[in-house]
Structure formats: structure tokens, C-alpha cells
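K.L.:
Got a structure here, written out as C-alpha cells. Questions coming.
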Amino acid sequence: MLGKLFGAKGPAAAMPDGERAYAIGDIHGCAGLLDDLLALIDKDDGGARSRLILLGDYVDRGGDSRTVIDRLVALSAARPDTIFLKGNHEQAMLDFLDQPELNEEWLHWGGDKTLESYGVEDIWRRHPGDLARDLAEALPAAHRAFIGALDLWRLCGDYAFVHAGFKPGVPIDDQRAEDCLWIRGEFHNAAPEQRPDKVVIHGHHPVKKPLDAGWRVDVDTGAVWSDALTAVALEGTTRRFISTGRF
């Protein structure tokens, strides 16, 4: 699939000298789109030194969650400086494994597709505890370790990377996991004086085309519905978008 580059306006936030990063939005079980976007990034960077940052929501909704995690585990070995952040869907998966009876709603958020990708069958007729047991047995140790080790947020230069966003008025070091994974409108509508002192790169909230609002950048373009998996390329004070979709 063809990629597209977009110029992006915003404040003069900068990456550290000599560093380029590609921050990738919500994948949601779309392994083919991940492969396509990584190929576009490889073509774009032309062998330059660059870092990948993945913003979470690797599983659920799409049909290839297991394959996506396979790809990311391999990527972590091939490119050990890659940053992998946790999304609310990874947390929901872990919560289901830990207490399935209390977290059955995960199945309705696309967790059923994740179970199917790991070979768990007859999902809607079985007790959540049985499903969690089967998933735990089918989940490779490397997958469980990968999901369990995901970060909530990371800083790089003048940028903060997080899955959903930050609670307005709260220092980044004091943010709760729940807000980093789940927040939406309160963050999107934060008053200027309550915004972080970093430009925030996030996903979680699907948009029809990648959004650069100046102080925050949303790269969740709803891949599972749109076939558009998007990354923002950050280098110096420039920002631009690369996507498998057409906008």
C-alpha cells in the first residue's frame, strides 16, 4: 500500500540532535498494516539512525493479534532501542488473565478476536475463567513477558509519548496509569495553562486523518476500520506523517 507524507505545523519542539523517531499509532491486530508501515519507514529513513516508538493497543479488534505480538517481540530483539508503550487494551488483557470474572467486558472490546488469534474457541458459550485459563496456556512466555514489561510513557527531547494522554494540571511524573491509558476529552480539551510542558504524541482516540494540534499529536487513524496505520516522523524541529492510508 502507498504511504503519504504530510507537513505538520506546531511549536518548535525538537528531538535531540542527530535523532529521528517514528511514533506508530494503534495497531489493533492488523499485522499486515504493521508490515506495510514498517516497510514505508525503512524506505523513508534510508538507513539513517532512527528509533521506533509504539504507542500501545497492539491487540484486539483485528484478527491477527498473536502475529502482531510476534512481530513486536522480534522487533524488540532486532532493534533493542525501540520503545513499546502500553495501551488500555493490553492492560485489559492482563486484567482478564488475572481476574476473568471481573473483567469479562474485555471480550466485548475486541478481546474475543485476540482469544481467537491464540486458538481459543467457542468463546461466547464458555465461562470467563475457562477462557482465561486457555489463553494463559496458549500465550507464549515471550508474549506474556513483552506485554507485562510495557512502559506507560517516555520522554525524548521536547516530546512526551503516551497511549492516551495526561491528566491536565498534573506533572508527568505524578500521572496515574488509568489516565495514561484511558483519558480522552479532559486531556484533549485541556486549558493551555494545564497542558504538559512537552508536546504529547499519543493514540487511543481514532481520527479520520492524523492530527497535529500543536501541543499534542494524535496518530490513531483507526487502522482496524480504515486500513490506515500511521506514524509521525520526528527529527529536529520537523514533524510529518507517514501512513498506509490515503487522506
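K.L.:
Just for the range 216-236: of the residues that are of a type in the set (D, E, K, R) and surrounded by fewer than 21 Cβ atoms within 10 Å (Cβ to Cβ), which one is farthest from Asp17 (Cα to Cα)? Full working, then the answer.
P.N.:
To start, the set of residues in the range 216-236 that are of a type in the set (D, E, K, R) comprises 216, 218, 220, 227, 235.
Going one step further and asking which of them are surrounded by fewer than 21 Cβ atoms within 10 Å (Cβ to Cβ), we end up with 227, 235.
Values: Asp227: 33, Glu235: 8 Å.
For the range 216-236, the residue satisfying everything is Asp227.
K.L.:
Could you please find all residues in the range 18-66 being in contact with a strand residue (DSSP E or B) (Cβ under 7 Å, 6 or more places away or on another chain) and aliphatic (A, V, I, L, M)?
P.N.:
Residues satisfying the conditions are Ala21, Ala23, Ile24, Leu37, Leu40, Ile41, Ala48, Leu52, Ile53, Leu54, Leu55.
K.L.:
Restricting to the range 164-199, what's the tally of residues that are surrounded by fewer than 11 Cβ atoms within 10 Å (Cβ to Cβ) and touching a residue at least 40 places away in the same chain (Cβ under 8 Å)? Let's see the steps before the verdict.
P.N.:
So in the range 164-199, the residues surrounded by fewer than 11 Cβ atoms within 10 Å (Cβ to Cβ) come out as 171, 173-174, 185, 189, 191-193, 197.
Checking the rest, the ones that are also touching a residue at least 40 places away in the same chain (Cβ under 8 Å) come to none.
Adding up the residues that qualify gives 0.
K.L.:
Give the residues of the range 217-247 that are charged (D, E, K, R), at pLDDT 95 or above and either over 17 Å from Leu55 (Cα atoms) or under 15 Å from the mean Cα position of the chain (by Cα) (or both), sorted by residue number. Don't jump to the end; show me each part of the working.
P.N.:
Filtering the range 217-247 down to residues charged (D, E, K, R) leaves 218, 220, 227, 235, 239-240, 246.
If we keep only those that are at pLDDT 95 or above as well, we get 218, 220, 227, 235, 239-240.
Within the range 217-247, Asp218, Asp220, Asp227, Glu235 meet the criteria.
K.L.:
Which of the residues spanning the range 38-79 are in contact with a helix residue (DSSP H, G or I) (Cβ under 9 Å, 6 or more places away or on another chain), farther than 24 Å from Leu115 by Cβ and assigned to a helix (DSSP H, G or I)?
P.N.:
At the first step, the residues of the range 38-79 found to be in contact with a helix residue (DSSP H, G or I) (Cβ under 9 Å, 6 or more places away or on another chain) are 38, 50, 52, 54, 56-73, 75-76.
If we keep only those that are farther than 24 Å from Leu115 by Cβ as well, we get 38, 50, 52.
Answer for the range 38-79, where residues must be in contact with a helix residue (DSSP H, G or I) (Cβ under 9 Å, 6 or more places away or on another chain), farther than 24 Å from Leu115 by Cβ and assigned to a helix (DSSP H, G or I): just Leu38.
K.L.:
While we're looking at this one, here's another question. Among Ser65, Ser50, Ser76, which is modelled with pLDDT under 95 and more than 22 Å from Phe166 (Cα to Cα)? Explain how you work it out, then say what you get.
P.N.:
On the way: Ser65 fails: modelled with pLDDT under 95; Ser76 fails: modelled with pLDDT under 95.
None of the other options fit; the residue is Ser50.
K.L.:
Sticking with this structure for a sec: Go through Ile83, Ile123 for me and flag whichever is among the hydrophobic types (A, V, I, L, M, F, W, C), out of contact with any helix residue (DSSP H, G or I) (no Cβ under 9 Å at 6 or more places or on another chain) and surrounded by 13 or more Cβ atoms within 10 Å (Cβ to Cβ).
P.N.:
When all the criteria are applied, what remains is Ile83.
K.L.:
Just to be sure, is Ala160 in a strand (DSSP E or B), touching a helix residue (DSSP H, G or I) at 6+ places or on another chain (Cβ under 7 Å) and either at negative phi or free of Cβ contacts under 8 Å to residues at least 60 places away in the same chain (or both)?
P.N.:
Numbers: in a strand (DSSP E or B): yes; touching a helix residue (DSSP H, G or I) at 6+ places or on another chain (Cβ under 7 Å): yes; either at negative phi or free of Cβ contacts under 8 Å to residues at least 60 places away in the same chain (or both): yes.
When the stated conditions are applied, Ala160 passes them.
K.L.:
Given Ala136, Ala145, which one is closer than 22 Å to Val68 by Cα, in contact (Cβ under 8 Å) with a residue 24 or more places away in the chain and surrounded by fewer than 17 Cβ atoms within 10 Å (Cβ to Cβ)?
P.N.:
Values: Ala145 fails: in contact (Cβ under 8 Å) with a residue 24 or more places away in the chain.
Answer to the check: Ala136.
K.L.:
Of all residues in the range 200-215, count the ones that are buried (at least 22 other Cβ atoms within 10 Å of the Cβ) and either in a loop (DSSP other than H, G, I, E, B) or charged (D, E, K, R) (or both). Steps first, answer last, please.
P.N.:
Kept after step one, since they are buried (at least 22 other Cβ atoms within 10 Å of the Cβ), are these residues of the range 200-215: 200-204, 210.
With either in a loop (DSSP other than H, G, I, E, B) or charged (D, E, K, R) (or both) added as a condition, the list becomes 203-204, 210.
So the answer is 3.
K.L.:
If Trp153 passes every condition in (1) farther than 13 Å from Ala23 by Cα; (2) surrounded by 20 or more Cβ atoms within 10 Å (Cβ to Cβ); (3) in contact with a Phe, Trp or Tyr (Cβ under 8 Å, 6 or more places away or on another chain) but one, which one does it miss?
P.N.:
Here Trp153 clears every test but (1).
K.L.:
Still on this model: Please work out which residue is surrounded by the most Cβ atoms within 10 Å (Cβ to Cβ), limiting yourself to the range 34-80 and to residues that are at positive phi and small (Gly, Ala, Ser). Walk me through how you get there before you give the answer.
P.N.:
So the first thing to find is which residues in the range 34-80 are at positive phi, and the list is 46-47, 56-57, 60-61.
Right, trim to small (Gly, Ala, Ser) and you get 46-47, 56.
Details: Gly46: 7, Gly47: 6, Gly56: 30.
For the range 34-80, the residue satisfying everything is Gly56.
K.L.:
Given the conditions (1) free of Cβ contacts under 8 Å to residues at least 24 places away in the same chain; (2) closer than 18 Å to His163 by Cα, report the number of the one that Leu115 does not fulfil.
P.N.:
Going through the list (1) free of Cβ contacts under 8 Å to residues at least 24 places away in the same chain; (2) closer than 18 Å to His163 by Cα, Leu115 breaks only (2).
K.L.:
Here's another thing I want to ask about it. Here is a check on your reading of the model: is Gly169 farther than 28 Å from Met15 by Cβ, part of a loop (DSSP other than H, G, I, E, B) and not β-branched (Val, Ile, Thr)? Give the steps one after another, and end with the answer.
P.N.:
Details: farther than 28 Å from Met15 by Cβ: no; part of a loop (DSSP other than H, G, I, E, B): yes; not β-branched (Val, Ile, Thr): yes.
In short, no.
K.L.:
Let me ask you something else. Has the range 114-131 got at least one residue that is within 25 Å of Glu235 (Cα to Cα) and at pLDDT 95 or above? Break it down into steps so the answer makes sense when it comes.
P.N.:
Of all residues in the range 114-131, those within 25 Å of Glu235 (Cα to Cα) come to none.
No, the conditions are met nowhere in the range 114-131.
The values are calculated or read from the model by the stated rules, or taken from the named source; none is laboratory data. Remember, predicted model here, so these are calculated numbers, not experimental data. Don't worry about glycine lacking a Cβ; one is built from the backbone with ideal geometry, like all the others, and counts go over all protein chains shown.
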